[in-house]
Amino acid sequence: MKSLKALIMFAFTGVLGLTSLTLAGAPGFARSPGIQPPVPPPVAQPPVTQPPPSTKPEPQAPPKPAPQPRPFPEGARIAYIDMQAIASLSAEGKAAAAKIQDWEKKVNADLTEKNKTLQGSRTKLQQGSSVLSDQARVQLEKDIEKMQRDFQFAQQDAQTERTEFANQLQVEFQEKLNPVIEQVRTEKGLLMIFSARESGVVSADPGLDLSAEVVKRFDAAAKAATKK
């Protein structure tokens, strides 16, 4: 299952470059010289009086009723779930996403501080090049090179740690989710449950979607586990 990975891993989106075409207008015809007819003066228009704004509230359309879930087809032996929806809506999935966000916030703050120190040293070198001694300038250049290497290594290490942390959360998520899915499958007497986004299903009865039921049971199991 790759549901949680889609939620907590970096999403790499391709950038579609759009090329705008500038159409050059065709040159206009040259007018022959001659006497132009006089332009009549503009006719004065009476001032337009705007009606006072209405204080009467406009009637609002009644809210649309929420779509009713389709019942599970009687006698069905196969069903499907949306793993991305389960990861996004379940308490465990939200908790995993929050852990990733907290981790990113901490690491980004550390990288920002390192970069700030690096930029400060570069500014010092640029502004003090005329007053620094040769020895001080050479030492500062070496320090900048070292800080730049350390910053690049810190970025690489952070990416590696993030991937490992996300993989760990994914494994933990799956270990908790799999028994819930199996319980639903057994109780409904199903032969199998597909992961809709990964199986290539293009059309199915909405009643076969057990995602909402799995989320409900998954949250109940997580809540029960915290009380123990």
Looking for something among the aliphatic types (A, V, I, L, M), surrounded by 15 or more Cβ atoms within 10 Å (Cβ to Cβ) and closer than 30 Å to residue 124 by Cβ - is there at least one such residue anywhere in the stretch 183-198? no
Taking the stretch 68-126 only, how many residues are touching a Ser or Thr at 6+ places or on another chain (Cβ under 6 Å) and of a type in the set (Gly, Ala, Ser)? 2
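Residues are listed down the side, and each one gets a yes or a no for (1) aromatic (Phe, Trp, Tyr); (2) over 28 Å from residue 88 (Cβ atoms); (3) free of Cβ contacts under 8 Å to residues at least 24 places away in the same chain:
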{"site": "115", "(1), (2), (3)": "no, yes, no"}
{"site": "123", "(1), (2), (3)": "no, yes, yes"}
{"site": "136", "(1), (2), (3)": "no, yes, yes"}
{"site": "141", "(1), (2), (3)": "no, yes, yes"}
{"site": "144", "(1), (2), (3)": "no, yes, no"}
{"site": "152", "(1), (2), (3)": "no, yes, yes"}
{"site": "155", "(1), (2), (3)": "no, yes, no"}
{"site": "163", "(1), (2), (3)": "no, no, no"}
If we ask which residues in the stretch 183-227 are within 24 Å of residue 97 (Cα to Cα) and either part of a helix (DSSP H, G or I) or free of Cβ contacts under 8 Å to residues at least 60 places away in the same chain (or both), their number turns out to be 20
Filtered residues of the stretch 155-178 (kept if under 30 Å from residue 75 (Cα atoms) and surrounded by 12 or more Cβ atoms within 10 Å (Cβ to Cβ)): 174, 176, 177
Tally of residues being in a helix (DSSP H, G or I), surrounded by 12 or more Cβ atoms within 10 Å (Cβ to Cβ) and either touching a Lys or Arg at 6+ places or on another chain (Cβ under 8 Å) or among the hydrophobic types (A, V, I, L, M, F, W, C) (or both) across the stretch 130-149: 4
The stretch 175-209: number of residues that are under 20 Å from residue 94 (Cα atoms) and either at pLDDT below 95 or aromatic (Phe, Trp, Tyr) (or both): 2
When residue 180 is evaluated against the numbered criteria (1) touching a residue at least 40 places away in the same chain (Cβ under 8 Å); (2) touching an Asp or Glu at 6+ places or on another chain (Cβ under 7 Å), which criterion, by number, is the only one it fails? (2)
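The values are calculated or read from the model by the stated rules, or taken from the named source; none is laboratory data. A quick note: this is a predicted structure, and the numbers were derived from the prediction, not measured. Note that each Cβ is placed from the backbone with ideal geometry, even for glycine, and that neighbours are counted across all protein chains shown.
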